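Data block below; observations after.
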Amino acid sequence: MPGTLFVVATPIGNLDDITLRALRILNESDLIAAEDTRHTRKLLRHYKISTPLVSYHDHNKETRTPELISRLQTKANIALVTDAGTPVISDPGFFLICRAIEADIPIVPIPGVCAAITALSVSGLPSDKFLFVGFLPRKKNKRTQALQELKEETNTLIFYESPRRLLATLLELIDIMGDRKGVFARELTKYHEEIIRGRLFQIIETVTDRTSIKGECTLLIEGKKEEQDTSQPSVVEQLRRLRNDPDISLKDAVKIVVEEYGLSRNRVYREALKIWKGYPI
C-alpha cells in the first residue's frame, strides 16, 4: 500500500486555532510539504514538531510533484500545508492532489480554519447559499469581465483581495454591481482583527483615509436581489410611517427605504411622492 497524502488546514492567524488531529498528523508524517517553509517552521517550532519540511508552491509544482508522488508510492506519509488556512482554497495544492488521485494514492482531509468561511459566519449576509470567488484577475479587462459575469449572481459572493487593490476593487464593484451591502474583514483571528459591515460605499468611506491597509483581506457582498415592487404593502407602510415623523424629510425617507429594502432609488422616490405630495406618478 502507498503512503497517505494528508491535506492539513492550519491557523489563519491565532495559533490556538489548530486542531489536535492536525498536530498529531504533522508530528507523525514523514514529510511536510509547505507553501513557505519559513512560515510553517514558526508553527512547528511553537508546537515542538520536528518533522522535515520541503517547499511546495505554484512556482515549483511541476518539478516537486513527481518527487512527492514517488515518496508517497514508497509508503511515506506526507502532510500538505499552506501559509494559512486550508490548502487548495486559493492556495497551492490542486496540482499535487490531482496527480495523487491519478496514482491511486489515499488522500485524507484534516479540516480546520478557512478565512472565507470564518468571515461568512460573522458577516450577517445570507450564508445558506454562497459563491466563493477567491482572488479576482489582476488585469483590469479580465477583472471587469469576471465581475460582469457575477453581476446577476443572487447568492452571497466571497472574494479574497490584496490590501493594495482593495479600494480599486470596491469602486469597481459599485460601478458594476451597485452599492450593495458588504462586509470587509481583515486580520481574522489576529490581534488587529477588524470587521466592517455596511454598504460598499460606507466601507470605502471607512478605509479611504487610512495611510495603509494591512493584513489578509476577505470581502463579502450580497447577491443581486430581485427587484421588489415598491407598491407592496411593507414598503408603502414604511414610507407612511416615515411621513408621520416631522423630523424626517422626503429625501431622508427615500434613503432609509432604499437601504432597508435594496430598491432602486428612483422607484422609491416615485412612490414617496405619492405619499408626501399626493402626486399620482
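Values in this text are rule-based calculations from the coordinates and carry no lab data. This structure is a prediction, so every number in the text was calculated from the model and none was measured. We place every Cβ from the backbone using ideal geometry, glycine too, and count neighbours over all the protein chains shown.
Annotations for the structure displayed:
- Inter-site label distance for Asn141 and Asn244 at 7 Å from Cα along Cβ, in nm: 5.8 nm
- Once the Cβ-Cβ distance of Asn155 and Lys75 is raised to the sixth power relative to R0 = 51 Å, the FRET efficiency obtained is 0.75.
- Computed E for Asp104/Lys190 - FRET, C-beta separation, R0 45 angstrom, nearest 0.05: 0.65
- Structure-based [θ]222 nm, the chain - -39500 (n - 2.57) summed over DSSP H runs of at least 4, per residue, nearest 500: -12000 deg cm²/dmol
- Applying a DSSP loop filter and a limit of 14 other Cβ atoms within 10 Å to the chymotrypsin sites (Phe, Trp or Tyr not before Pro) in the stretch 135-238 leaves Tyr191.
- Applying both filters, DSSP loop and at most 11 other Cβ atoms within 10 Å, to the GluC sites (Glu not before Pro) of the stretch 106-203 gives Glu152.
- Candidate values (1) 0.96; (2) 1.12; (3) 1.06, label of the one derived for Rg/Rh (Cα atoms, Kirkwood Rh): (2)
- Placing +1 on the Cβ of every Lys and Arg and -1 on the Cβ of every Asp and Glu, with nothing else charged, gives the stretch 116-221 a dipole about its Cα centre of roughly 340 debye.
- Net length gained if the chain between Phe94 and Leu131 were fully extended (0.36 nm per residue, minus Cα distance): 11.4 nm
- Pairwise centroid distance, computed over Cα atoms, of the stretch 242-268 with the stretch 106-157, Å: 32 Å
- Residue separation of Lys277 and Asn27 scaled by 0.36 nm, minus their Cα-Cα distance, works out to 82.6 nm of gained length.
- Two-site FRET efficiency, Arg41 against Asp16, from Cβ-Cβ distance with R₀ of 22 Å, rounded to 0.05: 0.75
- Vicinal HN-Hα couplings computed from phi for the stretch 176-186 (Karplus, 6.51 cos²θ - 1.76 cosθ + 1.60; Hz; Gly/Pro x): 8, 10, x, 7, 7, 5, x, 9, 10, 10, 9
- Extension gain, Lys61 back to Asp175 (0.36 nm per residue minus Cα-Cα distance, nm): 37.3 nm
- Loop-resident sites, the stretch 1-81, for trypsin sites (Lys or Arg not before Pro), counting at most 13 other Cβ within 10 Å (DSSP): Lys48, Lys75
- Computed about its Cα centre, the charge dipole of the stretch 96-155 is approximately 500 debye, with only Lys, Arg, Asp and Glu carrying charge at their Cβ.
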